[in-house]
Structures are given as structure tokens and as C-alpha cells.
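Colleague: Please find one structure pasted underneath; my questions will follow.
The values are calculated or read from the model by the stated rules, or taken from the named source; none is laboratory data. These numbers were taken from a predicted model, which means no experiment stands behind them. Every residue, glycine among them, receives a Cβ derived from its backbone with ideal geometry; neighbour counts consider all protein chains shown. Side chains are part of the model used for accessible areas, which takes the heavy atoms of the whole protein and leaves out ligands, DNA and RNA. Shrake-Rupley method; radii C 1.70, N 1.55, O 1.52, S 1.80 Å.
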Amino acid sequence: MNKFKSMEDKLGLNKFKPSHETHLKIRKEVNGKKVDEKNLVENVLFVCPAKVYTYDENKKEVIVSFENCLECGTCRVAAPDEVEWQYPTGGFGVTFRFG
Amino acid sequence: MVEEKFDVIVVGGGPAGLSAAFVAVKAGLSVIVLERGDYSGAKNVFGGIFFTNVLSEMMPDFFKDAPLERNVTKRRWSLLTSDGEISGEYKFNKFNKEPFNNSFTVLRAKFDKWFSEKVEQAGAMLITGAVVDDFIFDNGKIKGVKVRMDDGEIYGDVVILADGVNSLLAKKIGLHKELQKEDTIVSVKEILSLSKEKIEERFGLNGNEGVAFEYFGYAVKGAIGSGFIYTNKDTISVGVGVTIKSLLEHKINPNDALEAFKNHPVILPLIRGTEQKEYSAHLIPDGGYNKISKLYTDNIMVVGDAAGFVNASLFHEGTNLAVMSGKLAGETAIEAKNKGDFSAKILSLYEEKLKNSFVLKDLKQFRKLGKTLEKNPQIFNKYPIILEEFVSGLFTVDGEPKWQKEKRLFFELMKKESIFGFIKTAINLRRVIL
Ligand SMILES: Cc1cc2nc3c(=O)[nH]c(=O)nc-3n(C[C@H](O)[C@H](O)[C@H](O)COP(=O)(O)OP(=O)(O)OC[C@H]3O[C@@H](n4cnc5c(N)ncnc54)[C@H](O)[C@@H]3O)c2cc1C
Ligand code: SF4
């Protein structure tokens, strides 16, 4: 059996060069309606293959660990209205050595 | 950044963009390729098999120096049940000789980089670390693109959008709508290292031979998706692909689907003793023929995954459609240059060429696949279970007379699914898979 099972551990295998600026944002409002961030994370953004989005119960907001992003686009397609998605600036983000 | 104006600007240095650039620059056009990764391939992930039938026309000797992993001589399609499999496979030794059935496993970080060097050697300019964010308009007409860097304006007569599945640019210009959850597959993959000798022993291979195994049925906890295993030189690629819609409905995270697949009793022995090297994720456009974007407009052509050119049937092809569409867009750019006209009227030739090629012909043939699978979820949950009971029952050695066993199993099977149900599903599948 392979050593790493959790996503956190697996992400450690990859080569990342984190930017100081996030390329991923969650909109606070969609069509004038406040976004239910907890619901969004628990029922939609859980599909992120790098667990970039978690909900902070104390701060009552989404934490975006953009430095772990694999740049796949799943969150964009899963929540097109709520996720504001860009590519990281050239030179930053994940660099696959195998691909 | 660069002062001059180019005949062709290619956005995206994957197989589609590099093919377009190669063809155009070979004909003497000035070409620039803008790639967001630190090198071509740095952001790219696939299974997989690179199908080289079109590439070999462009570069007949490519296999002499391309970084190929293994020649795919053995393919297996397997229906996974909860603890076993029913499979079919071929292995042909003739596929281990030139032209190697035009099927090679590759690692994209190496292969795309090699391809980009060929394109540079042919005379194109390649700029890496260059994210294109927008177009430059002049009087409503596209004159070039904006790169996210200082002085990042690049001017050119035609922009070939080869920016892959997420194609934010084709969306921006209104050529395609947002990807839908039901026809977008997210795939997660791991690279596992294993010695060359062990790979050959474990998979029954000689020298450079390689395998491609595809798993359907109960591969990803009953969700609509599949799993795969490909052999590289001294690594194995293992991954799963599931539609985003199905993951949301089943509340499964892609990594959990991958872990379930890797722990399946059929898969486990194939990856035993390996060491994990990389974990990646990538989307596959699975909308097929009906979801293909509008392919051109004034000064723009869309190629490869950006246009939705993936044939996700049993054949699992994307690379050759990417290379072919890139090649045809490159040829169209040459004709437009000769006429001095890059308007939609001339660029419509690109669509004509695609219609006459296997790209649109194949996609048209398989246009109903996604919808059929979605409408027949029994293929992924119910059928693997009842088929397993039937086949394993039939071959269980227990002294029950054969005629009695066959009759009993048949009646048990019919209790679970009517013969009409089976036939209907089989016909539906036959129509869309082959
Ligand atoms: C898991 C998986 C398995 C697959 N298996 C197979 C298989 O076995 N066989 C097969 O034939 N096909 C397979 N495919 C499909 C195949 O990989 C694609 O169809 C093919 O890579 C498409 O090539 P492309 O050049 O259109 O896009 P890509 O290869 O995605 O290239 C797009 C390029 O554009 C760059 N880019 C994107 N946006 C910008 C921007 N704004 N500015 C600058 N650069 C940008 C990217 O970095 C990238 O280099 C698989 C796909 C996946 C995800
Ligand atoms: S792009 Fe992919 S990896 Fe990055 S946050 Fe979105 S879903 Fe997660």
C-alpha cells in the first residue's frame, strides 16, 4: 500500500511556487444575494481535488489555500457564480515534473 | 515585450497549439507561441496514450528522439465489480514494430517540452511564463492579445486559441459557453515509481512494450466514471475520471474516488510496492459533438480541448484530435496569409477541413455517449453486481450439474433485470461506444 493517502500528504509530492497573491476568490454576493459560504464549501467546493477550500467556523468564512491549487478548474465548473477564477501569474503555481 | 507583428499568435503550448505553430512556421509564416507554464507541459496532465497518427505525418522521424515511455502493445477494457473484474484485452506483437500502432505512453512534462523545442527549432518564437488574459481590439476587430506582464501586448493577424479545456479566452470572446457539470470530467492521477524490470514482469512485457488498462463499472464507488493504469518506463500512471455532476451527487471527493480505485482488489496487486511521485488533477471536456464551441470568427480559430475535441468513448482520444485540429488551423492560417484576408469568411475553411477529417466525423459518431451513460446509471452500479453473480456463479466449481446451474443462474439474473432491460441497455451502449 502506498504511503500517502490524504490529499494533504499527496500535495507534498508536488512542486509548487506560491505567489503572494491569490488567483482564487469567493464572491461575497451573487445577484444581490449573500453567498452561504458554509453551505458552498460543504456541498459544492468539497469536490476540489486539493482541498483548497475549507470553512472556518470561528471566522465564519471560507479559507482559500490557493497555494495548494492544482489549477484544474473543477471549482469553476462546480460553482461558476461563486468562484472568481484566474490562472496564477506566469512563473507561479504548480509545476508538474511528470504530468 | 516584442515589437514586431506576427502572422500567427498561438495561445497555449500544448499539442494543439504546437501543431498549429509547427505547420504555419514551416510554411514561412511568423509565429509566436505563448505558454503560461515555465515550460510546455509544466501545467499539463493526461492518462495516457499519445496517439501519433497525425504527428507522424508532420514529423516522420519523431519517434527517434521524442521522449516516449512505452509502445502500447496491450490494451485491456475491464468491467470492475465490487471485488473482481470481467475483462477483454488484446496484445499484438506487431504493435511493437514501426510505426508502433501510433500509440505511445508519454509523460506530458517531458513530451510537450520536447515538442515545443521542435517548434522553436523550426523558427517559431516561444514565450513561457506568459499568461494571456485578454484580446486587443481596434475598431471592434481583434488585433492581438494581452499577456500578464509588463509591455505584454502582442500583435498579430490571427490568434489560434489552444488554451485547453478551461479556455477562458474562447469564453470571453463568446465562442463557447461555460462547461457544464454533467459533461466535464475531473481526473486525478498519481505517478508511481517501480523499476523497469518489475513493470515488465508484472505486466507481462518485453523491452519497450507497454499497457493501457481502462476500468469501467464499479471503478469509482458506483459514480459515473472510470479508472486507468498506464505503464511508463519506470513509473505507472494510475488515475480516475468522474463527471463533476456525479461527484457532487454522490458527495465523493476525487481523491477518495482515486483511493477507492487504488484499493480495489484488482488494482492493488498491480501497484504494490510502488512509491508515489506526483499527484495531479485535470479536466476533460466530455460534451462531445453537441457541445463543440463555435470554431472561428474574424481573426480567431479555436483548436484542441479549447474547442471540446475529445472522444471519450472506448477509444479515449484527445491528443490526436488536438494535433489534427492544430494542423488544420495552421494550414488555414497559411491560406489566409496567401489571400491577405483573416476574416471569418476565409477562416471558415478551418471548419470545412475539420468536417472532412476524422475529428468531426468521429465526434459525430459518438455524440450520444455522455447522455446515454447518464441515463443508464445501472451500468455503473447495478449491472456490475448482477453480472458478477452470473459469471462467477457460472464458473464456480462445486459439483452442481451444469444444466441446472445455468438454468438457476439465468432465472436469478432475470429476477434482477428483465431481458428487455438488458437488450435495451446493450443496444443503447452499442450505438454509442463502438
Ligand atoms: C486524465 C486525462 C487522461 C487523458 N488521457 C488521454 C489519452 O490516453 N489519450 C489521448 O489521446 N488523450 C487523453 N486525454 C486528453 C488529452 O490530454 C487532451 O485532449 C489534449 O492534451 C489536448 O491538447 P490541447 O493542446 O488542446 O490542450 P492542453 O494539452 O491542455 O494544452 C493547453 C495549453 O495552454 C496553456 N494555457 C492555457 N491557458 C493559457 C493562457 N491563458 N495563456 C497562456 N497559456 C495558456 C496550458 O498551460 C497548456 O500548455 C486525457 C486527458 C486527461 C485530463
Ligand atoms: S482549480 Fe482545481 S485544485 Fe484549484 S481550487 Fe479549483 S478545484 Fe481546487
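Colleague: Could you run the Karplus curve 6.51 cos²θ - 1.76 cosθ + 1.60 with θ = phi - 60° over segment B:205-220 and give me ³J(HN,Hα) per residue in whole Hz, x for Gly and Pro?
Modeller: Each residue of segment B:205-220 in turn: 10, 10, x, 8, 5, x, 10, 10, 10, 10, 10, 10, x, 8, 8, 10 Hz.
Colleague: Determine the order of B:Val391, B:Val8 by accessible area, beginning with the largest, at a probe radius of 1.4 Å.
Modeller: Sorted descending by solvent-accessible area, the residues read B:Val391, B:Val8.
Colleague: Hey, got the average number of other protein chain Cβ atoms within 10 angstrom for residues in A:43-52? It would help to have the intermediate numbers written out before the result.
Modeller: Working: counts 2, 3, 0, 6, 10, 5, 15, 6, 2, 0.
Neighbouring Cβ atoms belonging to other protein chains average 5 per residue here.
Colleague: Averaged across the residues of B:180-192, what count of C-beta atoms belonging to other chains lies within 10 Å of each residue's C-beta? Could you put the intermediate results ahead of the total?
Modeller: Values: counts 2, 7, 0, 1, 5, 1, 10, 3, 7, 3, 5, 5, 1.
The per-residue average across the peptide is 4.
Colleague: Put a dot 7 Å past each Cα toward the Cβ at A:Glu57 and B:Phe137; how far apart are the dots in nm?
Modeller: Result for the modelled spin labels: 4.9 nm.
Colleague: For peptide A:5-17, compute the average count of partner chain beta-carbon atoms within 10 Å of each residue's beta-carbon. Intermediate values should be presented prior to the final figure.
Modeller: Working: counts 7, 2, 8, 1, 2, 9, 2, 2, 8, 4, 3, 0, 1.
Mean inter-chain Cβ contacts per residue within 10 Å come to 4.
Colleague: Using the heavy atoms of the protein chains and a 1.4 angstrom probe, tell me the accessible area per residue for chain B in square angstrom. Don't jump to the answer; show the numbers that get you there.
Modeller: Numbers: 17630 Å² over 434 residues.
Here the residues of chain B average 41 Å² of exposed surface.
Colleague: Same structure again: Can you give me the long-range amide H partners of B:Ser357? Hydrogens built in the peptide plane at 1.01 Å from N, cutoff under 5 Å, separation of 5 or more residues or another chain.
Modeller: none
Colleague: Could you please state, rounded to a whole Å, how far the C-alpha centre of segment B:165-239 is from the C-alpha centre of segment B:338-393?
Modeller: Each part's Cα centre sits 18 Å from the other's.
Colleague: How much of the accessible area of the protein assembly as shown, in percent, comes from carbon and sulfur atoms when a 1.4 Å probe is used?
Modeller: Values: 11620 of 22700 Å².
Answer for the protein assembly as shown: carbon and sulfur cover 51 percent of the accessible area.
Colleague: Show that you can apply the helix-only estimate: for chain B, add -39,500 (n - 2.57) for every DSSP H stretch of four or more residues, divide by all residues, and state [θ] at 222 nm to the nearest 500.
Modeller: Values: 16 runs with 159 residues, N = 434.
Calculated mean residue ellipticity at 222 nm is -10500 deg cm²/dmol.
Colleague: Same structure, new question: Which angle between 0 and 90 degrees, to the nearest 10, do you get for helix B:108-121 versus the longest principal axis of chain B when only C-alpha atoms count?
Modeller: The angle comes out near 30 degrees.
Colleague: Separate question: What ³J(HN,Hα) values, in whole Hz, does the Karplus curve 6.51 cos²θ - 1.76 cosθ + 1.60 give for segment B:177-189 when θ = phi - 60°, with x put for Gly and Pro?
Modeller: My calculation for segment B:177-189 gives 7, 4, 4, 9, 4, 7, 10, 10, 9, 9, 10, 10, 9 Hz in order.
Colleague: Which FRET efficiency value, to the nearest 0.05, do you get for B:Glu275 and A:Glu29 by plugging their Cβ-Cβ distance into 1/(1 + (r/R0)^6) with R0 = 41 Å? Provide the component values of the computation, followed by the final result.
Modeller: Working: r = 47 Å, r/R0 = 1.13.
Step by step, r from the Cβ atoms, then E = 0.30.
Colleague: Something else now. Going by amide H atoms built from the backbone, whose H comes under 5 Å of the H on B:Asp286, apart from near neighbours?
Modeller: Hits under the 5 Å cutoff: B:Thr184, B:Ile185.
Colleague: List the residues, sorted by chain then number, that are 5 or more residues from B:Lys143 or on another chain and whose placed amide H is less than 5 Å from its amide H.
Modeller: Placed amide hydrogens put B:Ile136, B:Phe137, B:Asp138 under 5 Å from B:Lys143.
Colleague: Hey, another quick one. Sort A:Met1, B:Met149, B:Met58, B:Met301 from largest to smallest accessible area, using a 1.4 Å probe on the heavy atoms of the protein chains.
Modeller: Values: A:Met1 110, B:Met149 70, B:Met58 30, B:Met301 0 Å².
Most to least solvent-accessible, the answer reads A:Met1, B:Met149, B:Met58, B:Met301.
Colleague: Kindly write out, for segment B:57-73 in residue order, the coupling ³J(HN,Hα) from the Karplus curve 6.51 cos²θ - 1.76 cosθ + 1.60 (θ = phi - 60°), rounded to whole Hz, with x marking Gly and Pro.
Modeller: After applying 6.51 cos²θ - 1.76 cosθ + 1.60, I find 6, 6, 9, x, 9, 3, 6, 6, 10, 6, x, 8, 8, 9, 7, 6, 10 Hz.
Colleague: I want the local charge near B:Lys405. Using Cβ-Cβ distances under 13 Å, sum +1 for each Lys or Arg and -1 for each Asp or Glu among the other residues.
Modeller: Values: positive: B:Lys402, B:Lys407, B:Arg408; negative: B:Glu389, B:Asp398, B:Glu400, B:Glu406, B:Glu412.
Net local charge, B:Lys405 excluded: -2.
Colleague: Net charge near B:Asn311, counting Lys/Arg +1 and Asp/Glu -1 over other residues with Cβ under 11 Å of its Cβ?
Modeller: 0
Colleague: Using a 1.4 Å probe and counting only protein heavy atoms, how much accessible surface gets buried when A and B come together, both sides summed, in Å² to the nearest 100?
Modeller: Numbers: alone 7150 and 19650 Å², together 22700 Å².
Chains A and B together bury approximately 4100 Å².
Colleague: Got a sec? Which residues of segment B:241-286 lose 40 Å² or more of accessible surface with every protein chain in place, vs. that chain alone, 1.4 Å probe?
Modeller: With the partner chains in place, segment B:241-286 has these residues losing at least 40 Å²: B:Ile244, B:Leu248, B:Lys251, B:Asn253, B:Asn255, B:Glu259, B:Gln276, B:Lys277, B:Glu278, B:Tyr279, B:Ala281.
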